[in-house]
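Visitor: I have a structure I would like to understand better, so I am pasting it below and will then ask my questions one at a time.
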Amino acid sequence: MRNDEGAATTSAELRAHNLARLLRAIHDGGGRLTRAELTRQLSLARGTATVLVRDLAGRQLIEELAGPVDATAQRARGRPTGVPSAHVRGPVALAVDLRDDSFTMAAVELTGRGTVLDRQERDAVSGTGMLTEVADRLKVRSRQFGGRVVGVGVAVPSPVSGGQMVQPTLPEWQDVDVAAVFSSAGPGPVLIGNDATLAGLAEARRGVLRGVSVALHLHVATGIGGVLLTGGVPVAGAHASAGEFGHMPLTGGHEPCRCGSTGCWELDAGARGLLRAANRPEQGDRMLEAEQVIAAARTDPRCGRALAHVAKALGRGIGALVNAHDPEAIGLSGLAASLYLADPAAVTAGYLSALMRFRRADPPALLPSTLGDLGALTGASELVFDAFLTPRGLAAWPSPEQKTA
Ligand SMILES: [Zn+2]
């Protein structure tokens, strides 16, 4: 009797473990891998995989779509194989990209497809007022998706320690515990991370840094943040606040910075640096203003000079960081991608000039992001799915009967 119980527990645990592993592989593969490919990747027996897929589909976690219409491939494998994909009533992560001047909210499906739901500028509202607005929006969206929301991920413009924003771009948010402020959003955990770190995580999972062994990611907005990733895992630091590359004196300036230091790289290569170089006011949505300067560079000489100056400063800082970290490739998002795409020659000239001589023959590639504005949001959703795609996370997912009850 005891043996039977023991065996049943072990078998149930093994099954839960395999279900989580398979769902994780479907998530990681972006819903593009066939059942046969997933079976091989996870070294499962074909019969086991069939049972697991049926179980996941029965719980509305996935639905299996018809496989690629390729008669030759199907003949070679002996039988057609489906593609396990996100279920229309399957799990959703709500993701928030919190900025000091605006916020964006998105819903992200199991396979990483994100849909932007809300985007709002802060305007005259206080920082605290905007957090209240975000909390209210989260409640509305959470209700709208019913029982599908498995957690909320929030990208914040601050280094994060113990759930708090320890040095936010908006002083009003100092030490605010975002997870606590949004805790009423609905069921599931509220998980927060630094916006630039999450943008890098998104690139490693779904973007240009996928499969890169040692990667450096740089996200330029008002300031410059980023992350070093080894094997796709962020190097977080002792207090989870590493990657503040913008606050290193990489370009030789001496001006005081908002962070408390002087001569910081972001004063030269961030949005503020670009607006100042173009003699534009540093007000409103600075990213939007900065993008306008870049767009005007072809026709307006002052914007052209500002672009070249800031692009070179960006490149020089990247070179210094490559000397320090020896990455295989560098991902660029936000304004870094825009600057590089608008003036690759200036960025590259700055980059090569700062590299040590032995690195110049084969410098690590600069890879502009293809995730666009969804980078930090995608990274925030990955925090939620990391928590959900575990035996424990899946145990909380209600069965279809429970959901309709
Ligand atoms: Zn600084």
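The values are calculated or read from the model by the stated rules, or taken from the named source; none is laboratory data. Computed from a predicted model, the values in this text were never measured in an experiment. Quick reminder, even Gly has a Cβ in these numbers, built from the backbone with ideal geometry, and neighbours come from all protein chains shown.
Visitor: Name the pairs whose Cβ atoms lie under 9 Å apart, with the first residue in the stretch 280-295 and within 17 Å of Glu266 (Cβ to Cβ), the second in a loop (DSSP other than H, G, I, E, B) and of a type in the set (S, T, N, Q), and 6 or more positions between them or separate chains?
Guide: Going by the 9 Å Cβ cut-off, the qualifying pairs are Glu282/Thr222; Arg286/Thr222; Met287/Thr222; Glu289/Gln283; Ala290/Thr222.
Visitor: Any chance the stretch 280-293 includes a residue that's closer than 21 Å to Glu203 by Cβ, buried (at least 17 other Cβ atoms within 10 Å of the Cβ) and of a type in the set (Val, Ile, Thr)?
Guide: No, that holds for no residue.
Visitor: Pick from Leu110, Leu52: which is at pLDDT 90 or above, over 23 Å from the mean Cα position of the chain (by Cα) and of a type outside the set (Val, Ile, Thr)?
Guide: Values: Leu110 fails: over 23 Å from the mean Cα position of the chain (by Cα).
Unique residue meeting the criteria: Leu52.
Visitor: Assuming Val125 fulfils every condition listed in (1) part of a strand (DSSP E or B); (2) of a type outside the set (Phe, Trp, Tyr); (3) at pLDDT below 95 apart from one, which condition is it?
Guide: (1)
Visitor: Search the stretch 269-279 for residues being in a helix (DSSP H, G or I) and either crowded, with 23+ Cβ neighbours inside 10 Å or within 16 Å of the ligand (Cβ to nearest atom) (or both), and hand back the single one that is farthest from the chain's Cα centre (by Cα).
Guide: Pass one, the stretch 269-279, residues in a helix (DSSP H, G or I): 269, 271-277.
Narrowing the set further to residues that are either crowded, with 23+ Cβ neighbours inside 10 Å or within 16 Å of the ligand (Cβ to nearest atom) (or both) leaves 269, 271-274, 276.
Numbers: Ala269: 22, Ala271: 20, Arg272: 23, Gly273: 25, Leu274: 25, Arg276: 29 Å.
By that ranking, first place goes to Arg276.
Visitor: Test each condition in (1) more than 16 Å from the ligand (Cβ to nearest atom); (2) crowded, with 16+ Cβ neighbours inside 10 Å; (3) of a type in the set (Asp, Glu) for Glu172 and report the one that comes out false.
Guide: (2)
Visitor: Which of (1) over 30 Å from Arg89 (Cα atoms); (2) under 18 Å from the mean Cα position of the chain (by Cα) is the odd one out, the single condition Lys312 does not satisfy?
Guide: In the conditions (1) over 30 Å from Arg89 (Cα atoms); (2) under 18 Å from the mean Cα position of the chain (by Cα), Lys312 misses (2) alone.
Visitor: While we're looking at this one, here's another question. Considering only the stretch 363-392, state which residues are of a type outside the set (S, T, N, Q), farther than 16 Å from Val220 by Cβ, modelled with pLDDT of 95 or more and touching a strand residue (DSSP E or B) at 6+ places or on another chain (Cβ under 8 Å).
Guide: Pro364, Ala365, Leu377, Ala380, Glu382, Leu383, Val384, Phe385, Ala387, Phe388
Visitor: Name the single residue, out of those in the stretch 248-268 being surrounded by 22 or more Cβ atoms within 10 Å (Cβ to Cβ) and within 10 Å of the ligand (Cβ to nearest atom), that is farthest from Leu335 (Cα to Cα).
Guide: By that ranking, first place goes to Cys264.
Visitor: Here is a further query. Which of the numbered conditions does Ala387 fail, given that it passes all the others? Conditions: (1) touching a residue at least 60 places away in the same chain (Cβ under 8 Å); (2) over 14 Å from Gly207 (Cβ atoms); (3) buried (at least 20 other Cβ atoms within 10 Å of the Cβ).
Guide: Of the numbered conditions (1) touching a residue at least 60 places away in the same chain (Cβ under 8 Å); (2) over 14 Å from Gly207 (Cβ atoms); (3) buried (at least 20 other Cβ atoms within 10 Å of the Cβ), the odd one out for Ala387 is (3).
Visitor: Quick test for you: out of Ser241, Ser158, pick the one residue that is within 14 Å of Val96 (Cβ to Cβ), within 14 Å of the ligand (Cβ to nearest atom) and not in a helix (DSSP H, G or I). Steps first, answer last, please.
Guide: Working: Ser241 fails: within 14 Å of Val96 (Cβ to Cβ).
Every option except Ser158 fails the conditions.
Visitor: May I pose another question? Out of all the residues in the stretch 59-85, which are exposed (fewer than 13 other Cβ atoms within 10 Å of the Cβ) and either of a type in the set (S, T, N, Q) or modelled with pLDDT of 95 or more (or both)?
Guide: Thr72
Visitor: Then there's this: Anything in the stretch 364-399 that is hydrophobic (A, V, I, L, M, F, W, C), out of contact with any helix residue (DSSP H, G or I) (no Cβ under 9 Å at 6 or more places or on another chain) and assigned to a helix (DSSP H, G or I)? List them, or say none.
Guide: Result: Val384, single match.
Visitor: If you don't mind, there's one more thing I want to ask. Being part of a loop (DSSP other than H, G, I, E, B) and over 22 Å from the mean Cα position of the chain (by Cα) is the filter here; which residues of the stretch 161-185 pass it?
Guide: Gln174, Asp175
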